[in-house]
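First comes the structure, then the notes that go with it.
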Protein chains: 2
Amino acid sequence: VTEADLIDRFTRRAPRAGEGVVLGIGDDAALLAPPRGELLVATVDAVVEGVHFDARFAPADVGWKALAVNLSDLAGMAARPLWALCALTVPRGADARRLAAVGDGLAACARRHGVALAGGNVSAAAELSLTVTVVGAVRPGRALTRAGARPGDVVLVSGTLGDAALGLEPGAPAAATRRQRRPVPRLALGRSLGGLASAGMDLSDGLLLDLSRLCEASGVGARIALEALPRSAAHLRATRGRADPWALAAGGGEDYELLVTVPPARLARAHAAARRARVPLTPIGFVVRGRGVDARLPGGARHAGGAGHDHLAPQRGAPRF
Amino acid sequence: VTEADLIDRFTRRAPRAGEGVVLGIGDDAALLAPPRGELLVATVDAVVEGVHFDARFAPADVGWKALAVNLSDLAGMAARPLWALCALTVPRGADARRLAAVGDGLAACARRHGVALAGGNVSAAAELSLTVTVVGAVRPGRALTRAGARPGDVVLVSGTLGDAALGLEPGAPAAATRRQRRPVPRLALGRSLGGLASAGMDLSDGLLLDLSRLCEASGVGARIALEALPRSAAHLRATRGRADPWALAAGGGEDYELLVTVPPARLARAHAAARRARVPLTPIGFVVRGRGVDARLPGGARHAGGAGHDHLAPQRGAPRF
């Protein structure tokens with residue numbers, strides 16, 4: 001397969017036009033008209049074969065996930081997505097049909113969330129990888145950042161936790177496997193929470209680690225109850241009887257849910273926003289003075305489970321700087 | 001080395017603040033204020049160990065080049081650069097000091113060209129790679145694209161051609177090696193030509209191939225004289241006596257010079273712009289009706305040398321889509 005042929009196949013179903021796309025795929029760079037009166041929100045994330053996905057992923061899952069994990073970052077900032085650029089690395093001898101299917105998965109996620117593929121690049125490499133840059137927009141003052149949480153704010157998470165991590169285990173239930181391979185970014189909920197939450201982020205590296213990052217950025221601590229963590233029926237069934245049934249929900253990565261802190265006076269509006277977005281939003285604790293995350297077991301004892309992904313080890317999740 | 005430590009070291013010298021950077025490195029995404037009244041120009045490119053660089057590159061050269069090749073795309077669009085995002089992949093066991101030096105090279109290029117590093121990402125992978133996204137700005141109507149060349153326009157290139165390709169040969173002169181490892185994007189010249197040239201692009205995959213792309217996008221042909229191709233003194237010396245002394249200048253990649261077409265009435269202004277930017281700008285031929293690039297040898301015979309990089313082979317240059 002030639003390079004031009006590969007690009008054609010990879011992008012065959014991708015939406016190339018969209019809001020602000022003046023000149024898309026095909027020139028040295030894309031020309032994009034930024035929306036008036038909004039800030040841009042930009043992030044980049046890579047999915048690498050053997051690190052973020054393996055042979056159990058369908059090719060379309062790989063493409064979907066490469067874009068979805070970036071859109072989750074935009075959701076965590078309360079932004080709406082506009083444009084994506086995709087840098088693809090391809091091992092020599094790669095199967096052109098497989099690459100087309102990867103592109104189709106990315107295209108499906110892009111169409112679903114109204115993102116235009118505005119540009120990209122293809123290089124040879126030892127393994128398949130997709131490095132996706134997404135740019136979105138948010139009105140000034142509506143962006144959610146990790147800083148801003150205040151003592152007394154309620155800590156909430158969207159959806160359910162631990163399913164994606166469970167999805168990596170042998171014999172995992174299909175619902176968990178799907179959460180691992182086809183994460184759904186919480187864009188609508190994120191935008192609704194933009195004017196309500198005091199701080200927020202998406203959960204990619206495990207609740208305890210991500211919450212500790214939010215606390216550090218806000219200069220506060222948090223106290224959470226593990227029994228409050230929302231877990232799916234499949235997750236509850238699969239982890240029943242384990243020594244630490246909260247391990248995956250508290251420490252597993254790739255949830256791609258939202259973590260927000262909301263002042264008590266705005267809690268009712270936050271819950272109303274979640275109902276409109278049809279995503280559960282569950283209080284799991286409070287912001288407190290001090291530092292660090294104090295996670296409590298049902299009896300009141302401190303949870304011993306540490307959280308700390310080193311992303312240079314071959315596992316899921318990808319840190320951002 | 002931990003991931004947080006690596007990020008700190010990689011970004012230690014990078015300019016984090018800059019025009020429009022509202023919130024930079026450290027959150028889920030960067031918050032960026034687009035300049036009023038301008039279009040954004042966005043592109044992505046990767047440099048991969050063993051494909052785009054090897055052990056002969058100093059670590060700082062790798063970082064420099066990863067950003068410079070992207071800035072060259074902005075130059076080819078007549079844009080000024082604003083922000084960069086860098087996705088880094090790192091093999092396990094990588095030397096932290098080497099990675100810091102790679103980051104220092106990227107930082108040096110960013111400082112030199114007024115680019116803020118607004119975000120990034122680090123993942124494990126089999127080899128070291130840097131995938132850099134850059135976003136710049138250009139006034140509407142000033143952007144150079146590949147479309148727009150008209151029969152009768154003059155074809156010009158900046159600087160000298162073939163040095164970077166020569167720089168890959170064993171025993172290459174130091175000047176050529178430097179062109180290979182430390183390309184200098186022609187940003188000032190590109191911006192000056194934005195209002196003058198009818199079409200333009202940067203040269204990354206060899207003059208003949210890139211010119212054929214410009215011609216295709218413009219729906220025209222081109223006729224060029226190989227003896228007109230600007231070659232450096234070192235290049236002339238090194239290629240004297242070769243069967244095809246124009247091979248590297250016509251077909252070698254990674255020149256990172258500008259290729260533009262200029263209507264004859266604006267030629268004097270284009271040359272004045274080049275003098276101000278202190279970069280040579282050399283006419284090499286004309287745009288003609290028809291299709292394809294007709295490259296002529298000094299005696300008038302057609303040049304047989306084909307140009308056609310397949311970027312999935314392990315060689316330099318990286319195609320953009």
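The values are calculated or read from the model by the stated rules, or taken from the named source; none is laboratory data. Quick caveat, the model's predicted, so the values are computed rather than measured. Don't worry about glycine lacking a Cβ; one is built from the backbone with ideal geometry, like all the others, and counts go over all protein chains shown. Surface areas here come from the heavy atoms of the whole protein model, side chains and all, with no ligands, DNA or RNA. Shrake-Rupley method; radii C 1.70, N 1.55, O 1.52, S 1.80 Å.
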*Going by the structure shown, is A:Val22 crowded, with 20+ Cβ neighbours inside 10 Å and either at the interface with another protein chain (Cβ under 7 Å from one of its Cβ atoms) or touching a strand residue (DSSP E or B) at 6+ places or on another chain (Cβ under 7 Å) (or both)?*
no
_Condition (residue is open to solvent by 10 Å² or more (accessible area, probe 1.4 Å), of a type in the set (Val, Ile, Thr) and in contact (Cβ under 8 Å) with a residue 12 or more places away in the chain) applied to the range B:178-196: is it met by at least one residue?_
yes
*Does B:Val135 satisfy the condition of being of a type in the set (A, V, I, L, M, F, W, C), in contact with an Asp or Glu (Cβ under 7 Å, 6 or more places away or on another chain) and crowded, with 24+ Cβ neighbours inside 10 Å?*
no
*For the range A:249-262, state whether one or more residues are open to solvent by 70 Å² or more (accessible area, probe 1.4 Å) and closer than 21 Å to A:Ser198 by Cα.*
no
*Residue check, B:Ala147 within 11 Å of chain A (Cβ to nearest Cβ), surrounded by fewer than 21 Cβ atoms within 10 Å (Cβ to Cβ) and among the aliphatic types (A, V, I, L, M)*: yes
*Hey, can you tell me all the residues within the range A:2-19 that are over 27 Å from the mean Cα position of the chain (by Cα) and crowded, with 18+ Cβ neighbours inside 10 Å?*
A:Glu3, A:Leu6
_Selection count where residues are within 21 Å of B:Ile25 (Cβ to Cβ) and facing chain A (nearest Cβ under 9 Å), scope the range B:44-73_ = 5
*If you scan the range B:263-281, which residues turn out to be over 13 Å from B:Ser192 (Cβ atoms) and touching a residue at least 24 places away in the same chain (Cβ under 8 Å)?*
B:Pro263, B:Pro264, B:Leu267, B:Pro280
*asked:* For the range B:150-167, give me the residue count where each residue is in a loop (DSSP other than H, G, I, E, B), crowded, with 19+ Cβ neighbours inside 10 Å and touching a residue at least 24 places away in the same chain (Cβ under 8 Å).
replied: 5
_Can you find a residue that is more than 16 Å from the chain's Cα centre (by Cα), of a type in the set (Lys, Arg) and more than 8 Å from every other protein chain (Cβ to nearest Cβ) anywhere in the range A:81-102?_
yes
*Counted residues, the range A:92-132 - those being in contact with a Gly (Cβ under 8 Å, 6 or more places away or on another chain), open to solvent by 10 Å² or more (accessible area, probe 1.4 Å) and in a helix (DSSP H, G or I)*: 3
*What residue, of B:Leu67, B:Leu40, B:Leu32, is surrounded by 24 or more Cβ atoms within 10 Å (Cβ to Cβ) and under 22 Å from B:Leu6 (Cβ atoms)?*
B:Leu67
